[in-house]
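Asker: There's a structure below that I have some questions on.
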4 protein chains.
Amino acid sequence: MSNRIPRSRDNDYTREMAEARRQFLKEQTGNGLKHAGQYSFDPSMLPGNIEHFIGVAQVPIGVAGPLLVNGEYARGEFYIPLATTEGTLVASYNRGMKLLRESGGVTTTISDDAMQRAPAFVFKSAREAREFGLWVKENFGELKRRAEATTQVGRLRNIEQYSASRFLFLRFNFTTGDAAGQNMVGKATKAACDWIRSVYPGLENYYLESNFATDKKSSRINILHTRGKRVTAEARIPGRLIEELMHTSVDAIYRARQVLNLGGMLAGVNNNGNHSPNGIAAMFIATGQDVANVVEASAAVVHSELAPQGDFYYSITIPSLIVATYGGGTGLATQRECLELLGCYGRGGVRKFAEIVAATILCGELSLGTAVIAEEWVASHDKYGRNRP
Amino acid sequence: MSNRIPRSRDNDYTREMAEARRQFLKEQTGNGLKHAGQYSFDPSMLPGNIEHFIGVAQVPIGVAGPLLVNGEYARGEFYIPLATTEGTLVASYNRGMKLLRESGGVTTTISDDAMQRAPAFVFKSAREAREFGLWVKENFGELKRRAEATTQVGRLRNIEQYSASRFLFLRFNFTTGDAAGQNMVGKATKAACDWIRSVYPGLENYYLESNFATDKKSSRINILHTRGKRVTAEARIPGRLIEELMHTSVDAIYRARQVLNLGGMLAGVNNNGNHSPNGIAAMFIATGQDVANVVEASAAVVHSELAPQGDFYYSITIPSLIVATYGGGTGLATQRECLELLGCYGRGGVRKFAEIVAATILCGELSLGTAVIAEEWVASHDKYGRNRP
Amino acid sequence: MSNRIPRSRDNDYTREMAEARRQFLKEQTGNGLKHAGQYSFDPSMLPGNIEHFIGVAQVPIGVAGPLLVNGEYARGEFYIPLATTEGTLVASYNRGMKLLRESGGVTTTISDDAMQRAPAFVFKSAREAREFGLWVKENFGELKRRAEATTQVGRLRNIEQYSASRFLFLRFNFTTGDAAGQNMVGKATKAACDWIRSVYPGLENYYLESNFATDKKSSRINILHTRGKRVTAEARIPGRLIEELMHTSVDAIYRARQVLNLGGMLAGVNNNGNHSPNGIAAMFIATGQDVANVVEASAAVVHSELAPQGDFYYSITIPSLIVATYGGGTGLATQRECLELLGCYGRGGVRKFAEIVAATILCGELSLGTAVIAEEWVASHDKYGRNRP
Amino acid sequence: MSNRIPRSRDNDYTREMAEARRQFLKEQTGNGLKHAGQYSFDPSMLPGNIEHFIGVAQVPIGVAGPLLVNGEYARGEFYIPLATTEGTLVASYNRGMKLLRESGGVTTTISDDAMQRAPAFVFKSAREAREFGLWVKENFGELKRRAEATTQVGRLRNIEQYSASRFLFLRFNFTTGDAAGQNMVGKATKAACDWIRSVYPGLENYYLESNFATDKKSSRINILHTRGKRVTAEARIPGRLIEELMHTSVDAIYRARQVLNLGGMLAGVNNNGNHSPNGIAAMFIATGQDVANVVEASAAVVHSELAPQGDFYYSITIPSLIVATYGGGTGLATQRECLELLGCYGRGGVRKFAEIVAATILCGELSLGTAVIAEEWVASHDKYGRNRP
């Protein structure tokens, strides 16, 4: 018996081929993936999303809301689909949404928007690398033309330069419409680089990837300079509501925030908030985002203040929120439904979606933050999360 | 019409209630989540995993393999389920598995294993905080007894101490059996802290959460001191295979590695490798892990060397791989199947699973790393990822 | 004419040899270093501190104080010698000392004390590295004996372990009495490592230096785990005094602190305070410390709070303050005088000195911090620092 | 007896006033600072450099060289004055200078040059902060005019923008001629900010200092974006010379470099080299630099390669080397002599000086690096550093 996974030359994306592979796995391992084999869509929609398709993970979705957003693109009430297996998560976000709804909603702002690829160029010495940097500035127009020739949507906005040793690192910043755009910018940057290689003398080598775009990683450069959308969600919450709904006080939350800031600064953390990746991962799975991008999106900057009249000002800035409402997994069956639930599917929806994600996250931050302080956190996990040891 | 999400007092986890909520959403938004409403399991298994259940995200699973692992717990060939919507991913990991299979397999080692909760204790001044640190050392036995009284599985291994200002941060390190254990250790640590509060004079306050365990965040402290499993996957690959299968050379990979190290050091990245979170997220979704933990797991340390006889030594250490084969989402329908496919479901499987994850990741690192160098990367995304703009 | 710097075989540390070298430099460059050639001590005291001696840098010393310290080792009023060429510095620290003197003084606490050397050990694979870690724990007693045999003062306190790939990094923590101890611990650690190499099978190589002690560098590991002394200086300052003496308010300082915390978190800074290295460098030069250690000492954690009754609580923790009152440059002519001025010269003085440094730093933090807010900062630099463009 | 430090209203910068203060200190502490009272210059040159002058620290200077530099500003052989009390330091740098002299010298390149002040601006919400960012771009010309009106030398090059929460951080980048320029840019930035405050509606507050310039601190932002000069020193060293002079091999150095890179990445270090701050601090003290700037200058990026023909390529990039040859302490007696020894004193010398510093540092890196590997390090400290326990 061959140990080679079956594959069809003609049409690999059929229920039959998926079944054949599950059968093969049953022979190899004894497990035939009965549940995974049950899915409601036609596999012919899958090319471009998966290879060696065998079935689906059925990830439970809960709904929270309504979430009240005062954004520039998202305005009004939304019901948020959260795909997770972590008990308490939906209930906790829902609780936060109630607090912020009664407080007047969450204000959201997208401050920046860029997707990167960052090649490294190697020269004989630092001096040649520096000269190349000047050349790049002078030839930005042609580089832009070469890069954009490969894409209908992507636009080269600017090129940042960083240097060390005999290397020059170029960070190409693109706008990518409603797509996340990682592949688009890879292709466009490669076209620009290949042109450079063909015309620039003295270039020893170039590397398309240099850890300066930091795809699927958390980095200081992305916290400073944005990857995807840079979104801030803010709210001003009356102290009375914190007492009534969250059973704690503005002062208590504020003091706890200072402890988290201090601890986080010492521990060298990429996020001084509570648990933003929980909500982000759940929304990403539900809506067909590239889930590994939760890593970039895990960076967060929380800032809170004691506001006048006993209110509490709370904000979270997510500097690298990579999202799409077009392409990738967004068009798959359940994923598209969840985007449609938010009114975000397809072209024109991506900024609205980014604002909804950020607003959702702010609700979760307040909910967990206050639960920990009110010492309800362990108790609520006992109640809702009994499957979670 | 109320905008309140329907909820049943008697039994919220039924197909009817899920349907009622979808109907409610249809009324509110126009979208009834037809596909999401199709799932193959009985919702009565869901309490502890989700609230406000409405259906499922159907995330496509592809299979890669066989992966050859020379671990201490995982030994032999495995077929790896990867739940993703990112085209190319399964094909790329599969390609790396072939390379490493022909190279003799991946050696895996778990070097450390701990789950944390890290409260902060506030005193009148730094001096009182320091004295408390001595008391904690002297009273470790009683703290351990109090913490472990709350759990059948968790064991308090040691308590790290960190200090600044008038604060002492205690990082409680537990072993948690085959569960991920975040809630278990939260409860256990709270019991110890409550006891401290009841007996220790001069304590001004304590905070159960202080950003020193850095749950769902990437941090230097977890890179240094481990959260979950610290796993290393290593292999020695003959240069001949790199040329035949990957169409590049040991020297070319090695030089590219140096560029990634240099760029990563400058950019302040938490991972000097290629894209480990891609494979981790896909395995986590397939097997019912807490997907937000891909953030901690995104940290990685890659080290490679030119080995004798033209071989290439390549290793990746994942310092914070949080996984479970028991509890959480691991028992759900498709998730359990995927763990069973690997022979890891339930008690006794967690270290085997951690080794398989790490071995998988090494394959993906080599596959993407060589594709970028061989300049096949953009081309292969054009071929496999046509849905991904 | 030879371009070789003159050197005497018999006695290189004489006024004549210094003069001969200055004469040589005059011939080579035209500059005979007239002022540098004027010093008040006998060069025969210099072996062990300098090679190719030609004279001295005359660095102006200003005195600030009295500084009121409520330490465990330093108690009472001190006059602080600050060697600097930066106008405003002495005046600014002096201003802060007045504020804190009238506030009741600075409370200082040393929370930890260790000097490190951190070798790396290389094995065939991660598994062998892990086994070695167990062996190190079992053989701590013998390692301690071997290390301590090389020194009369140094004591091996504990060995931290860190791992990645096929490496185990050991961070040897010593106490070193009143010396800074970098060389002492290098020698002691080497003795332990050489013994390991002679008895432990399977060790491929070891490196005495691995960037895990981070000598003369700023690092997260030293912020977390201390290098030298970990000292906190704290004070509670009446709001009235801040208004009278600093012309600003507790609220204004506090708000400014939040901005510095936020900015510093984003910028990835090793110190969220104002300018602690200014005072540290000035004290280090005056008292014969190894001035490059200002790099480790530059890390700082500032925490402030609005305290009851309108007071302001302000603290700074310096996690890596490397100081000596014995050995190194401490016994040189002017350097010893400055240590004697503080009552810290020689054996038994090092903790007292560390407390005085930290207390001084707190005064400087408050003085600059309030000056910036009161918008007196630019004006005062115009007044005092006219040489500084 | 008053405990107040004596001060003259008429002329505080006289030998008599310094003597009066030493006398006061003798009465207060018993120590009259006999040696510190011996200095060769007229105190009337000191205003702008020190307050409460009492005398000088006499810091021994040793000379190393000749250093062979192939820079754009520094060309030829130089003798380097190093003010230190750390035995072995001068000898070690001298040894490295010999190696690199025989290798053909050190190539130096300044890639960037900027001095910053970075104020924070606070608005009602993130949206207003973003709008302000657009306004700043549109009004750059006027901001530049307002800033430059305060200085004859400083030129505003560009303004970087960073955002989080309701804050916009502006990083003003100036060129500052031959001065270090920290005060110059503070004054110029304040003028621009005061104008903003007077004309821009909706600004809640601004803070001149926000930890985004990171004066006297080590930060990621300065590693990425330069503060002072960004200088690279490079060399290609024949393997034969490493064997003859350093008693080790290219392969051994290279392997050790990989260990330092790996360890440094884990430890979170701001410098993957050996000990660059040693040489920097010694040159800074000798030449009247602001010594606390050794903190910024401590950041370093070392990159090495195995070059063709058995050579070793070694480079160090110092991203934040803040130096001056004019103003500050550069004009004091011994300090000016040391700058003149290098042909760098006064206007027009600063880039030459920056290159000489970087070239010196490269020599020290190779010397210590090879000594550690050749296991001569502990032995040489025993020989030269007997005063250093």
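Asker: Listed residues A:V294, A:V323, A:V269; which is open to solvent by less than 10 Å² (accessible area, probe 1.4 Å), within 24 Å of B:A118 (Cα to Cα) and out of contact with any Asp or Glu (no Cβ under 7 Å at 6 or more places or on another chain)?
Answerer: Being open to solvent by less than 10 Å² (accessible area, probe 1.4 Å), within 24 Å of B:A118 (Cα to Cα) and out of contact with any Asp or Glu (no Cβ under 7 Å at 6 or more places or on another chain) holds for just one of A:V294, A:V323, A:V269, which is A:V294.
Asker: What's the total number of residues in the range A:186-195 that are open to solvent by 10 Å² or more (accessible area, probe 1.4 Å), touching a helix residue (DSSP H, G or I) at 6+ places or on another chain (Cβ under 6 Å) and not basic (K, R)?
Answerer: Adding up the residues that qualify gives 2.
Asker: From the list C:A57, C:A64, C:A18, C:A36, which one is open to solvent by less than 20 Å² (accessible area, probe 1.4 Å), more than 7 Å from every other protein chain (Cβ to nearest Cβ) and at pLDDT 95 or above?
Answerer: Residue meeting the stated conditions: C:A18.
Asker: While we're here: Pick from the range C:266-311 the residues that are facing chain D (nearest Cβ under 7 Å), within 11 Å of the chain's Cα centre (by Cα) and in contact (Cβ under 8 Å) with a residue 60 or more places away in the chain: which of them is nearest to D:F212 (Cα to Cα)?
Answerer: Checking each candidate, the answer is C:S298.
Asker: OK, next. Hey, can you tell me all the residues within the range C:272-292 that are farther than 25 Å from D:V90 by Cα and either aromatic (F, W, Y) or in contact with a Phe, Trp or Tyr (Cβ under 7 Å, 6 or more places away or on another chain) (or both)?
Answerer: C:G279
One line per residue, one yes/no per condition, for (1) within 27 Å of C:Y314 (Cβ to Cβ); (2) open to solvent by 30 Å² or more (accessible area, probe 1.4 Å); (3) more than 9 Å from every other protein chain (Cβ to nearest Cβ):
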position	(1), (2), (3)
B:F172	no, no, yes
B:T176	no, no, no
B:M184	no, no, no
B:S198	no, yes, yes
B:L208	yes, no, no
B:A213	no, no, no
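Asker: While we're on this one: Of the residues that make up the range A:272-286, is at least one at pLDDT 95 or above, within 24 Å of C:R255 (Cα to Cα) and open to solvent by less than 10 Å² (accessible area, probe 1.4 Å)?
Answerer: yes
Asker: Next question. Only one of C:L332, C:L306 is more than 24 Å from D:N271 (Cα to Cα) and touching an Asp or Glu at 6+ places or on another chain (Cβ under 8 Å). Can you tell me which?
Answerer: Being more than 24 Å from D:N271 (Cα to Cα) and touching an Asp or Glu at 6+ places or on another chain (Cβ under 8 Å) holds for just one of C:L332, C:L306, which is C:L306.
Asker: I've got another one for you. Looking at this structure, is D:Y314 touching a Ser or Thr at 6+ places or on another chain (Cβ under 9 Å), at pLDDT 95 or above and open to solvent by 10 Å² or more (accessible area, probe 1.4 Å)?
Answerer: No, not satisfied.
Asker: Which pairs do you get when a residue that is under 13 Å from A:Y314 (Cα atoms), found in the range A:356-374, comes within reach of a residue that is open to solvent by 10 Å² or more (accessible area, probe 1.4 Å) and hydroxyl-bearing (S, T, Y), reach meaning Cβ atoms under 6 angstrom, with the pair 6+ apart or on two chains?
Answerer: A:S367/A:S92; A:T370/A:T248
Asker: Among (1) in the same structural domain as A:T360 (by TED's automatic domain parsing); (2) over 18 Å from B:P277 (Cα atoms), where does A:I221 come up short?
Answerer: Here A:I221 meets the rest and fails (1).
Asker: Which condition number in (1) among the basic types (K, R); (2) in contact with a Ser or Thr (Cβ under 6 Å, 6 or more places away or on another chain); (3) open to solvent by 10 Å² or more (accessible area, probe 1.4 Å); (4) touching a residue at least 12 places away in the same chain (Cβ under 8 Å) is the one that D:R240 fails?
Answerer: (2)
Asker: Hey, another quick one. Would you check which residues across the range C:177-209 are at pLDDT below 95 and polar (S, T, N, Q) and list them?
Answerer: If the condition is that a residue be at pLDDT below 95 and polar (S, T, N, Q), then C:Q182, C:N183, C:N205 are the ones that fit.
Asker: Being open to solvent by 10 Å² or more (accessible area, probe 1.4 Å), assigned to a helix (DSSP H, G or I) and over 10 Å from D:Y93 (Cβ atoms) is the filter here, so list the residues in the range D:346-368 that pass it.
Answerer: The answer is D:R351, D:K352.
Asker: D:M45 - would you say it is touching a strand residue (DSSP E or B) at 6+ places or on another chain (Cβ under 9 Å), open to solvent by less than 80 Å² (accessible area, probe 1.4 Å) and modelled with pLDDT of 95 or more?
Answerer: Judged against the criteria, D:M45 is not a match.
Asker: Please give the number of the condition C:L260 fails out of (1) outside the structural domain of C:G331 (by TED's automatic domain parsing); (2) closer than 23 Å to C:V106 by Cα.
Answerer: Here C:L260 clears every test but (1).
Asker: Among the residues of the range C:205-246, which ones are closer than 24 Å to C:V122 by Cα, within 14 Å of the chain's Cα centre (by Cα) and not polar (S, T, N, Q)?
Answerer: Listed by number, the residues that qualify are C:D215, C:K217.
Asker: Quickly run through the range C:131-147 and pick out the residues that are open to solvent by 10 Å² or more (accessible area, probe 1.4 Å) and touching a helix residue (DSSP H, G or I) at 6+ places or on another chain (Cβ under 6 Å).
Answerer: C:R146
Asker: Report, by residue number, each residue of the range D:1-15 that is in contact (Cβ under 8 Å) with a residue 24 or more places away in the chain, of a type outside the set (S, T, N, Q), more than 9 Å from chain C (Cβ to nearest Cβ) and open to solvent by less than 40 Å² (accessible area, probe 1.4 Å).
Answerer: D:D12, D:Y13
Asker: I'd like the residue in the range C:148-167 that is open to solvent by 10 Å² or more (accessible area, probe 1.4 Å) and within 14 Å of chain B (Cβ to nearest Cβ) and, out of all such residues, is farthest from B:N158 (Cα to Cα).
Answerer: C:R166
Asker: Could you check, for the range D:117-130, whether at least one of its residues is open to solvent by 40 Å² or more (accessible area, probe 1.4 Å), more than 9 Å from every other protein chain (Cβ to nearest Cβ), within 25 Å of the chain's Cα centre (by Cα) and farther than 25 Å from D:T325 by Cα?
Answerer: Within the range D:117-130, none of the residues are open to solvent by 40 Å² or more (accessible area, probe 1.4 Å), more than 9 Å from every other protein chain (Cβ to nearest Cβ), within 25 Å of the chain's Cα centre (by Cα) and farther than 25 Å from D:T325 by Cα.
The values are calculated or read from the model by the stated rules, or taken from the named source; none is laboratory data. Bear in mind the structure is a predicted one, so any value in this text is a computation, not a measurement. Every residue, glycine among them, receives a Cβ derived from its backbone with ideal geometry; neighbour counts consider all protein chains shown. For the accessible areas, the whole protein counts, side chains as well, though only heavy atoms, and no ligand, DNA or RNA atoms are used. Shrake-Rupley method; radii C 1.70, N 1.55, O 1.52, S 1.80 Å.
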